[in-house]
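Data block below; observations after.
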Amino acid sequence: MNYQSTRDAKKIGYSAAQVIKQGLADDGGLFVPDSIPEITKADIDALAKQDYIHRAADIMSRFLTDYTYEELLEDCSNAYSETSFPGGAAPLVPVCDNLYSLELWHGPTAAFKDMALQLMPRLLVRALRKTGEERTALILVATSGDTGKAALEGYRDVDGVKIMVFYPVDGVSRVQKLQMATQEGNNVNVCAIEGNFDDAQTGVKKIFSDREFAEKLNEKGVFLSSANSINLGRLAPQIVYYVSAYCDLINAGKLKNGETFNVCVPTGNFGNIFAAYIAKLMGLPIGKLICASNVNNILTDFLKTGTYDRNRKFHLTMSPSMDILISSNLERLLYFVAGSENTAKYMKELSDNGCYAVSAEEKAEIDKNFVGYYADEKATAECIKEDFLKYGYLHDTHTAVAFCAAKDYVKDTGDTAPMVIDSTASPYKFAADVYESLSGEKPSEALAALDELSSKTNTEIPYPLRGIADRKVNFTKVVKVCEMPDSVLEYISK
Ligand SMILES: *Cc1c(COP(=O)(O)O)cnc(C)c1O
């Protein structure tokens, strides 16, 4: 299988290894597979008998055809080991009626980004070998919280790779800051910047596009690479958990192989829900894909009207990983429903005017598979409280947005097929807001919220967050945006 750009389907394809190493296509488009491998009923029967690691190696091998099954099995075994994901990688937990929580946060940073970022570094190391690369890859990340920590954990102590993460000094939560500042590993660096997330991201983008800087790095045997969610190495591992959840529903006797289920995803950059769409294209019997947003509901509006308009107010919410106005991976959906020429046109309109509208036919195609719902802050908080009191199930703030959306969808349609709802973070990652949603009171202090939430709900703090206040702080540096390039050079010269 080869990969092409969403903006030019006529160019010769790239191998998966090239695509994972490169990240973005030369024309600014995203890489998409030139065909979709089929998953049959018999395949599902076989996969249902396997554990998550083997399911992952099987599905991945259908997309990364220049990797062997054995290579992928080794990488998946290491990525989703009992040490990293105690008790298994993606457990499906019944919550109420036909609603299931697919808990994707049992990994080393307690957020679902671990599902991809524990595997992707291993795929990158192989990609470097497969493409004959001898230089060291330097992963540069600008983060508003979850991605930075998950990338640090994924890349720590990986041979042939270094990683440097920039975060806005006052733009991440106490827990997130501590998670990054206490990072361990012999190839990691963390640096705060004076400014907000946009400043950090702009600074990183500038470094990526600076040819002179690239030459300086090259002289030191280093090249830049990214870990963001548009990389195939982040997308492909996410297809797996939808197949796995379906197998688990069958094994639990909730439906028969061939019967339909629905999926609801708390969405930001549209990566996770797009992976579910790919699973559907493969033949997994997903009925509807419910795209859940917070009050930054640009996707809800797009799915309702066919017009994507980023000229709107940006809201800070208690589900910050979904606070987004440009959903990069939506471009991949456009490619599948509108083709590469129209996709290139829409992306140009988005960059010129902040707005584009798909045709009525394209909209009808999207409607067959997707529906959008959003939940405001009040509804999200109420959902956390209600589901805990009624069912004893504790959501994080992002997951609660998705549960609101799923319930609204069922109410509107009467569609009661089993619904797999992605749970994308441990409630303890957003302990202060979860605590306040439950009790109506603020916790005494941001870090104390973990213990207070634990004693109030009688649930356990997940292993990555236990004792975090007592860990050794390894990184304290704060730089100005203009000093970012120098801090990179300083780091790789060490
Ligand atoms: C990143 C993230 C999301 C959004 O996922 P996308 O793939 O960007 O749509 C949702 N919830 C949490 C907790 C996240 O960290």
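For this structure, a couple of remarks:
- Cut-off under 5 Å, modelled amide H: who pairs with Ile193 long-range: Tyr167, Val169, Val479
- Taking amide H as placed 1.01 Å from N in the peptide plane, the amide H of Thr182 sits under 5 Å from that of Asn474, each at least 5 places away or on another chain.
- Once the C-beta distance of Asp352 and Asp45 is scaled by a Förster radius of 60 Å, the resulting FRET efficiency is 0.75 to the nearest 0.05.
- Footprinting exposure proxy for His54, His398 (fewest neighbouring C-beta atoms within 10 Å first): His54, His398
- Listed residue pairs exceeding 19 Å between alpha carbons, taken from Lys254/Lys385; Lys11/Lys363; Lys385/Lys407: Lys254/Lys385; Lys11/Lys363
- Summed side-chain charge close to Leu104 - residues other than Leu104 whose Cβ falls under 10 Å, Lys, Arg +1, Asp, Glu -1: -2
- Judged by the ratio a/c of the largest to the smallest principal axis of the C-alpha gyration tensor, segment 135-258 counts as prolate, that ratio being 1.5 or greater while a/b is larger than b/c.
- Share antiparallel - DSSP beta bridges, the chain, percent rounded to 5: 25 percent
- Among the listed pairs Lys216/Lys480; Lys280/Lys304; Lys256/Lys390; Lys429/Lys477, those whose Cα-Cα separation exceeds 26 Å are Lys256/Lys390.
- For segment 1-150, the fraction of alpha-carbon pairs in successive 10 Å shells from zero, as %: 10, 31, 38, 18, 3, 0
- Within the chain, helix-based [θ] at 222 nm, where runs of 4 or more DSSP H residues each add -39,500 (n - 2.57), nearest 500: -14000 deg cm²/dmol
- When each of Val295, Val93, Val265 is scored by the number of other beta-carbon atoms lying within 10 Å, the sequence from fewest to most is Val93, Val295, Val265.
- Anchor Lys411: aspartates and glutamates whose Cα lies under 14 Å away (excluding residues fewer than 8 positions away in-chain): Asp97
- Other residues lying with their Cβ under 15 Å from the Cβ of Gly160 contribute a combined charge of +4, Lys and Arg counting +1, Asp and Glu -1.
- Column: log10 I(q)/I(0), Debye, Cα scatterers of segment 122-166, q = 0.15, 0.33 Å⁻¹: -0.38, -1.19
- Unit charges on C-beta of K, R, D, E only; dipole of segment 277-400, Debye: 100 debye
- Sorted peptide list for 56-64, 41-49, 176-184, criterion being average Cβ within 10 angstrom, highest first: 56-64, 176-184, 41-49
- Kirkwood hydrodynamic radius of the chain, Cα pairs, Å: 22.9 Å
- Ranked for footprinting exposure by Cβ neighbours inside 10 Å, fewest first, Tyr69, Tyr14, Tyr335 give Tyr69, Tyr14, Tyr335.
- Proximal lysines to Lys10, defined as alpha-carbon separation beneath 22 angstrom and excluding residues fewer than eight positions away on the same chain: Lys21, Lys345, Lys348
- Only the Cβ atoms of Lys and Arg (+1) and of Asp and Glu (-1) were treated as charged; on that basis the dipole of the chain about its Cα centre amounts to roughly 340 debye.
- Part-to-part distance (alpha-carbon centres) for segment 57-86 and segment 370-433, which is given in Å: 31 Å
- Mean-position separation - Cα centroids, segment 202-279 and segment 170-188, in angstrom: 22 Å
- Couplings for segment 85-91, taken from phi via the Karplus curve 6.51 cos²θ - 1.76 cosθ + 1.60 with θ = phi - 60°, read 10, x, x, x, 7, 9, x Hz in order; Gly and Pro are left as x.
- Kirkwood Rh (inverse of mean 1/r, distinct Cα pairs), segment 85-165, angstrom: 14.2 Å
- Sum of side-chain charges, Asn196 neighbourhood, beta-carbon under 14 Å (Lys, Arg +1; Asp, Glu -1): -4
Just so you know, all these numbers are worked out from the coordinates, no wet-lab data involved. A quick note: this is a predicted structure, and the numbers were derived from the prediction, not measured. Cβ sites come from the backbone with ideal geometry, for glycine too, and all protein chains shown count toward neighbours.
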